[in-house]
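So the structure is just underneath, and the comments pick up after that.
The values are calculated or read from the model by the stated rules, or taken from the named source; none is laboratory data. A quick note: this is a predicted structure, and the numbers were derived from the prediction, not measured. Reconstructed Cβ throughout: ideal geometry from the backbone, glycine too, with neighbour counts over all protein chains shown.
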Amino acid sequence: MLDRIITHAEVLRIVADLAPEHRIVGPVLRGGQYFYEILTDLSGLDLTFSYCVYGPRAFLFPPTETLFQFSRQNGRFESTLSIERVPTAFVGVHPCDINAIRLLDRVFSKDHRDEHYLSRRECAFIIGVDCAKECTVGVFCADMHGNVAKDGFDLMLFPLEQGSGPNDMRYGLVFGSKRGEVRLQKGSIGAIPKAADERAMEEYQRRKEAAFPHRLKTRLEELPSLLNRSYDSLLWEATARRCYSCGSCNMACPTCYCFNIFDETDMTLTRGERKREWDGCQLEKFAEVAGPHNFRPKAASRLRHRIFRKAKWVKDQSGIAGCVGCARCDRACTAKINSVEIYNQLAEEI
Amino acid sequence: MKPKIAIFSLTSCEGCSLAILELEDHLLDILGAVEIVNFREGMTDRDWDIDIAFVDGAVSTPQDAKEIQHIREKSRVLVAIGACACLGGVNTLKNYQSESDYRRCVYGDMANYFPTTRAKPLSAIVKVDYELPGCPMVKEEFLEFVKCMLMGKVFRLPDSPVCVECKKRGNPCLYDQGIFCLGPVTRGGCSAICPTFGSKCEGCRGLISREGLAAAGVNIRETYNASVKDVMDDLRLYGAYQEGDLP
Ligand code: SF4
Ligand code: SF4
Ligand code: SF4
Ligand code: SF4
Ligand code: SF4
């Protein structure tokens with residue numbers, strides 16, 4: 001069910017309207033690849049972009065951030081919570097990245113409310129854009145149900161037909177939130193969909209279904225049991241021979257949420273900040289504890305851990321799959337370790 | 001009592017000890033917290049009662065070897081700073097050439113007057129308590145080290161490779177351009193400064209782990225179309241790879 005029909009120019013009007021209170025983040029072309037960056041000029045915005053090298057998570061969960069400031073003066077210890085509220089409007093977020101944000105939302109609000117993440121998330125406005133076909137060879141978003149976003153956005157654009165260029169696009173639009181709806185009403189933007197538009201949307205969905213190849217030999221629902229049977233597979237050792245434990249796969253993954261905490265003090269040693277930074281389970285010292293004892297001292301045990309997290313454990317814990325199939329891990333891996341190959345080889349072994 | 005600090009240079013460009021002077025904004029704070037008793041780059045007075053000695057440069061001459069032994073005897077804590085002191089640094093390039101060649105190349109007709117040895121890191125000669133690697137060392141890491149010493153906090157080098165910081169900065173990966181960057185096998189802590197400015201990491205902070213190096217060996221042979229010799233040359237630039245062959 002479509003809520004509006006909207007042109008590229010009208011999308012820009014919405015973004016321009018958000019700009020005074022929001023920093024605008026969208027795809028920017030650099031050296032032949034797209035990256036999510038803060039936009040200062042909307043004129044070149046291309047919502048037909050293929051994919052961004054990294055997901056948008058850095059704007060909601062920065063690589064390094066301050067949690068609180070502390071000081072020790074006259075024998076008293078004081079601390080001030082550091083909460084950053086930077087309203088951000090994302091324009092051009094693909095379904096995989098919307099689903100990744102949904103997972104982060106869940107993780108950072110379940111059991112313990114993470115004020116640092118949630119304060120940014122609550123004032124984020126997300127304009128998604130759907131993928132009519134796979135963005136690049138190798139993605140397995142269709143297998144992971146990552147290429148369809150049902151919620152987690154404020155507005156979602158569907159490129160029902162291909163225009164002659166990015167500025168010529170017409171989109172079917174779906175509201176994902178009240179504030180999304182309000183944005184359109186405010187400027188009376190967009191046209192009410194006609195029956196023909198609804199038919200075009202149905203046609204689009206059918207085309208989309210056929211345009212995404214399935215790369216996994218195992219259905220999403222069966223991945224957990226596949227992994228259960230593969231814990232002792234020789235594949236982990238054989239594949240991890242190539243693994244640098246460099247953590248690039250974790251850093252590039254839009255669903256990775258692990259972090260490490262450390263303190264930084266100034267030279268007077270009386271004032272400082274407690275900070276956190278991205279961490280990753282492929283790094284050698286990730287699971288090292290006092291002693292020192294390392295629960296996963298070998299690259300093979302770490303590789304297995306990551307794959308189990310992505311296809312089983314995160315889902316077991318949070319109810320949302322830990323992987324959206326965007327293949328950023330695979331593309332980022334300088335050792336060409338490929339998760340699709342891992343799943344398929346495991347499927348063949350059994 | 002302020003800790004007594006000394007700074008020495010062996011065979012090197014002395015860039016690392018200069019980097020300490022470049023900490024202008026923090027220099028006064030540091031001077032307030034410690035007493036510098038011996039620093040050729042910055043002062044003329046000499047005192048040999050040393051709590052913490054920072055030494056840059058490799059051991060590359062018989063004289064260097066004597067000097068580092070003397071420094072070790074006089075210092076409670078010995079810190080190797082920079083690639084030369086931690087790994088041998090660019091000095092180790094000569095270890096792969098014939099002695100007569102490199103001596104003639106550097107000293108010409110005077111070659112016989114300057115005895116030199118295989119270049120080595122300090123740890124090959126004396127016990128080193130801490131290492132602050134990099135070419136040059138990372139100033140912020142030096143500051144962090146000083147703070148840890150003053151607070152009595154354990155100092156640890158970053159234990160993840162350069163790729164982590166590179167990705168945190170949102171850089172494109174040089175592998176996408178077919179460039180063999182040493183980031184995956186090199187200890188981070190430099191904010192991935194080289195890839196950030198478009199040059200491959202050359203491993204100046206040393207190898208992060210044997211496991212990573214072993215993976216490089218496998219990948220060069222099985223994953224990439226790369227020449228083992230080229231990669232070995234890269235790994236040798238800073239002596240990050242000092243003895244033996246790629247596994
Ligand atoms: S594990 Fe890989 S494919 Fe899955 S969400 Fe992360 S980067 Fe994408
Ligand atoms: S991975 Fe799938 S959902 Fe994500 S951008 Fe590519 S095609 Fe779209
Ligand atoms: S990116 Fe590849 S080499 Fe690096 S840790 Fe991940 S799987 Fe290992
Ligand atoms: S450019 Fe080098 S350091 Fe950066 S991610 Fe790629 S391999 Fe790692
Ligand atoms: S990127 Fe590599 S070569 Fe450059 S400073 Fe860092 S460790 Fe050294």
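General remarks:
- Residue in the stretch A:72-90 that is under 13 Å from the mean Cα position of the chain (by Cα), part of a loop (DSSP other than H, G, I, E, B) and buried (at least 16 other Cβ atoms within 10 Å of the Cβ) present: no
- Whichever residue in the stretch B:169-182 is crowded, with 19+ Cβ neighbours inside 10 Å and at the interface with chain A (Cβ under 7 Å from one of its Cβ atoms) and, among such residues, is farthest from ligand 1 (Cβ to nearest atom): B:Tyr175
- Hits in the stretch A:227-258 - residues which are at positive phi and away from ligand 5 (no atom under 16 Å from the Cβ): A:Ser245
- Residue check for B:Tyr130: buried (at least 16 other Cβ atoms within 10 Å of the Cβ), more than 16 Å from ligand 1 (Cβ to nearest atom) and away from every other protein chain (no Cβ under 12 Å): yes
- When the stretch A:136-153 is limited to residues that are more than 17 Å from A:Asn338 (Cβ to Cβ) and surrounded by fewer than 24 Cβ atoms within 10 Å (Cβ to Cβ), the one that is nearest to ligand 1 (Cβ to nearest atom) turns out to be A:His145.
- The stretch A:1-38: number of residues that are in contact with a strand residue (DSSP E or B) (Cβ under 6 Å, 6 or more places away or on another chain) and under 10 Å from A:Ala89 (Cα atoms): 8
- Checking the stated criteria, B:Lys147 turns out not to satisfy the condition of being within 16 Å of ligand 1 (Cβ to nearest atom) and in contact with an Asp or Glu (Cβ under 9 Å, 6 or more places away or on another chain).
- Some residue of the stretch A:331-343 being in a helix (DSSP H, G or I), hydrophobic (A, V, I, L, M, F, W, C) and within 14 Å of chain B (Cβ to nearest Cβ): yes
- Of the residues making up the stretch B:165-172, at least one is touching a Lys or Arg at 6+ places or on another chain (Cβ under 9 Å) and within 16 Å of ligand 3 (Cβ to nearest atom).
- A count restricted to the stretch A:38-58 and to residues that are in contact with a Phe, Trp or Tyr (Cβ under 6 Å, 6 or more places away or on another chain) and either more than 16 Å from ligand 3 (Cβ to nearest atom) or at pLDDT below 95 (or both) stands at 3.
- Residue satisfying all of: in the stretch A:89-111; small (Gly, Ala, Ser) and more than 12 Å from ligand 1 (Cβ to nearest atom); nearest to A:Val25 (Cα to Cα) among these: A:Ala89
- Filtering A:Ile83, A:Ile98 for residues that are in contact (Cβ under 8 Å) with a residue 40 or more places away in the chain and either in contact with a Phe, Trp or Tyr (Cβ under 9 Å, 6 or more places away or on another chain) or over 30 Å from A:Met201 (Cα atoms) (or both) leaves a single hit, A:Ile98.
- Residue match in the stretch A:73-86 (condition: within 16 Å of ligand 2 (Cβ to nearest atom) and away from chain B (no Cβ under 14 Å)): no
- Flag if B:Ala216 is more than 24 Å from A:Ala240 (Cα to Cα) and within 12 Å of ligand 4 (Cβ to nearest atom): no
- Qualifying residue in the stretch A:30-50 (condition: touching an Asp or Glu at 6+ places or on another chain (Cβ under 7 Å) and away from ligand 1 (no atom under 15 Å from the Cβ)): no
- Residue match in the stretch A:206-214 (condition: more than 16 Å from ligand 2 (Cβ to nearest atom) and without any contact (Cβ under 8 Å) to a residue 40 or more places away in the chain): yes
- Scan of the stretch B:176-213 for residues that are among the hydroxyl-bearing types (Ser, Thr, Tyr) and more than 12 Å from ligand 4 (Cβ to nearest atom), ordered by number: B:Ser209
- Here is the figure for the stretch A:246-262: residues that are more than 9 Å from every other protein chain (Cβ to nearest Cβ) and not in a loop (DSSP other than H, G, I, E, B) total 5.
- When A:Glu284, A:Glu277 are screened for being near ligand 3 (Cβ under 10 Å from one of its atoms), surrounded by fewer than 24 Cβ atoms within 10 Å (Cβ to Cβ) and more than 27 Å from A:Thr218 (Cβ to Cβ), only A:Glu284 passes.
- Residue within the stretch A:290-305 that is within 14 Å of another protein chain (Cβ to nearest Cβ) and within 16 Å of ligand 1 (Cβ to nearest atom) present: yes
- Pairs linking a residue in the stretch B:194-211 that is more than 10 Å from chain A (Cβ to nearest Cβ) to a residue that is surrounded by 24 or more Cβ atoms within 10 Å (Cβ to Cβ) and among the aromatic types (Phe, Trp, Tyr), with Cβ atoms under 8 Å and 6 or more positions apart or on different chains, are B:Glu202/B:Tyr238; B:Gly203/B:Tyr238; B:Gly203/B:Tyr241; B:Cys204/B:Tyr238; B:Gly206/B:Tyr238; B:Leu207/B:Tyr241.
- Among the candidates A:Ala321, A:Ala347, A:Ala300, residue that is farther than 27 Å from B:Gly178 by Cα and either in a helix (DSSP H, G or I) or within 16 Å of ligand 5 (Cβ to nearest atom) (or both): A:Ala347
The rows are residues; the columns are (1) within 15 Å of ligand 1 (Cβ to nearest atom); (2) in a helix (DSSP H, G or I); (3) of a type in the set (A, V, I, L, M, F, W, C); (4) in contact (Cβ under 8 Å) with a residue 12 or more places away in the chain.
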| site | (1), (2), (3), (4) |
| --- | --- |
| A:Glu264 | no, no, no, no |
| A:Met267 | no, no, yes, no |
| A:Lys285 | no, no, no, no |
| A:Gly325 | yes, no, no, yes |
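- Residues being under 22 Å from A:Thr64 (Cα atoms), facing chain A (nearest Cβ under 9 Å) and in contact (Cβ under 8 Å) with a residue 40 or more places away in the chain - total across the stretch B:133-168: 5
- Qualifying residue in the stretch A:276-296 (condition: in contact with an Asp or Glu (Cβ under 8 Å, 6 or more places away or on another chain), of a type in the set (Asp, Glu) and farther than 23 Å from A:Phe35 by Cβ): yes
- Cβ-Cβ distances below 8 Å connect the following pairs, each with a first residue in the stretch A:20-33 that is within 13 Å of chain B (Cβ to nearest Cβ), a second residue that is exposed (fewer than 13 other Cβ atoms within 10 Å of the Cβ) and among the aliphatic types (A, V, I, L, M), and a separation of six or more residues or different chains: A:Val25/A:Ile38.
For (1) under 12 Å from the mean Cα position of the chain (by Cα); (2) away from ligand 1 (no atom under 16 Å from the Cβ); (3) over 21 Å from B:Ile20 (Cα atoms), each residue gets a yes or a no:
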| residue | (1), (2), (3) |
| --- | --- |
| B:His70 | no, yes, yes |
| B:Arg76 | no, yes, no |
| B:Ala80 | yes, yes, no |
| B:Gln97 | no, yes, yes |
| B:Ser100 | no, yes, yes |
| B:Ala119 | no, yes, yes |
| B:Glu140 | no, yes, no |
